[in-house]
Every structure is written in C-alpha cells, then in structure tokens.
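Data first, discussion second: the structure below is written as structure tokens.
The values are calculated or read from the model by the stated rules, or taken from the named source; none is laboratory data. These figures come from a predicted structure and were not determined experimentally. Glycine also receives a Cβ, built like all others from the backbone with ideal geometry; neighbour counts cover every protein chain displayed. Calculation scope for accessible area: heavy atoms of the full protein, side chains included, ligands and nucleic acids excluded. Shrake-Rupley method; radii C 1.70, N 1.55, O 1.52, S 1.80 Å.
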Amino acid sequence: MEQLGETDAELWDRCRQGDADALGGLFDRHADAVFRYCLSRSGSWQDAEDIVSVTFLEAWRQRTRLTLERKSILPWLLGVATNSVRNRARSVRRHEQFLRQLPHAAVEPDHSSSIADRVDAENLVKELLDGAGNLTRGERDALLLCTVNGYSYLEAAEALQVRVGTIRSRVNRAKTKLRAAAVASPLLLAEQNNPVESRQS
C-alpha cells in the first residue's frame, strides 16, 4: 500500500515493478489536476473523466519504458492528456461526419449531466474555448495549462515538450489575440491561477 511520505519517483519505481497500488497512489495524488486540465481542454465533464482514465492507463502501459527524470510525474501526465484530448477530438469529428451521412441520425441530447454544477462548469469552459477560437493549437494548450490551470511555464514546457521560452511566447501571443478580440473573461486573462471546478466538487 502507498505510504503517505512516498515521492512520485518512489511510487513510479514501484509501478515499474508491476505494483498497481503504486499507480493508485499516483492517481489519488494527480487525478484532480489532470481532470481540471482535461475539462478546460475538452469542455465536457464526461470526456474529461474518460481522458483521465486513458491517461493513467497509458501510464501503466508505459511503466517499463518511462524513466522519471523530475520529482513529479504530473508534467508527463499532462502531456499524455494533451495527446489524448487531440485524438479524442479527431475521433469525435469522424464520428459526427459519419452520423451526418446517415438518414434520420439525429444525435439525442445527453441528459446525464443535468446536475447544476456540472452544467455550469461545462458552460464556463465552452465559453472560454469559444473565445479562444482564433488561437493556434500550441497557443491554446499553453494558455489553458498556464493561465486557466495555473501551471508554471516550466511545467507546461515539460508537458508539451517544448522550450520554456516557447511557452512564454505562446501565452503572451494568446493573451494579445484575446484582448484584440475583446474577449473579457477574467479567467482567461488573469495572471494568477484560477482553475476550473474539481472533479470532486
């Protein structure tokens, strides 16, 4: 079982030896952070939960190949989540294109997320993503990691596998574009961390 004092590196070493409880410890430690990021990227509570599962499943699959070089595994998890969000978006687009080709293939609304706090969180994130529509993919990823989810430039650089200066430039360009487009959301333009709702809320 996980010991409270264990570091990510120690838990990951146990994962590499096939200890599923150690992965559970990493999940307990980082799942909320990964969820908040996935929600800010996807705009969907259900998609975010699914992507969290995919992210930690990929961590387990990669356990014998990944050597943890930093104290925290979180930047690597965020990188996996970023790729998973992109892959899921492509799959959704292909699925929607297929449905449009079928007769009488109207998509029924999903009533499972009618709980007020989930709807509010999803609407907020969708508003932010709509406002960020003129950004490049790299600018959006950097902005959501640093400004919306509160990660440092270094953590974002590790997650997206680019240089810190690249992250800094992308965030600055994104904020400039949003101001020029008169996007006034304080959550997007704030300098401090304003994370969206936690999955445990």
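Listed values, structure above:
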quantity: Which numbered condition Arg70 misses (of (1) among the basic types (Lys, Arg); (2) touching a Phe, Trp or Tyr at 6+ places or on another chain (Cβ under 9 Å); (3) free of Cβ contacts under 8 Å to residues at least 12 places away in the same chain); calculated: (3)
quantity: Cβ pairs under 7 Å, 6+ apart, first in region 143-172 and outside any helix (DSSP H, G or I), second open to solvent by less than 30 Å² (accessible area, probe 1.4 Å) and hydroxyl-bearing (Ser, Thr, Tyr); calculated: Asn149/Tyr37; Asn149/Ser40
quantity: Residue in region 48-73 that is modelled with the highest pLDDT, counting only those that are under 17 Å from Leu144 (Cβ atoms) and touching a Leu at 6+ places or on another chain (Cβ under 8 Å); calculated: Thr55
quantity: Yes/no for Leu144 being modelled with pLDDT of 75 or more, closer than 22 Å to Gln46 by Cα and of a type outside the set (Phe, Trp, Tyr); calculated: yes
quantity: Residues satisfying the stated conditions in region 32-56, i.e. crowded, with 19+ Cβ neighbours inside 10 Å and of a type in the set (A, V, I, L, M); calculated: Ala33, Val34, Leu39, Ala48, Ile51, Val52
quantity: Members of region 129-141 that are modelled with pLDDT under 80 and in a helix (DSSP H, G or I); calculated: Leu129, Asp130, Gly131
quantity: Residue list for region 63-84, restricted to those being open to solvent by less than 50 Å² (accessible area, probe 1.4 Å) and over 22 Å from Ala142 (Cα atoms); calculated: Leu66, Leu68
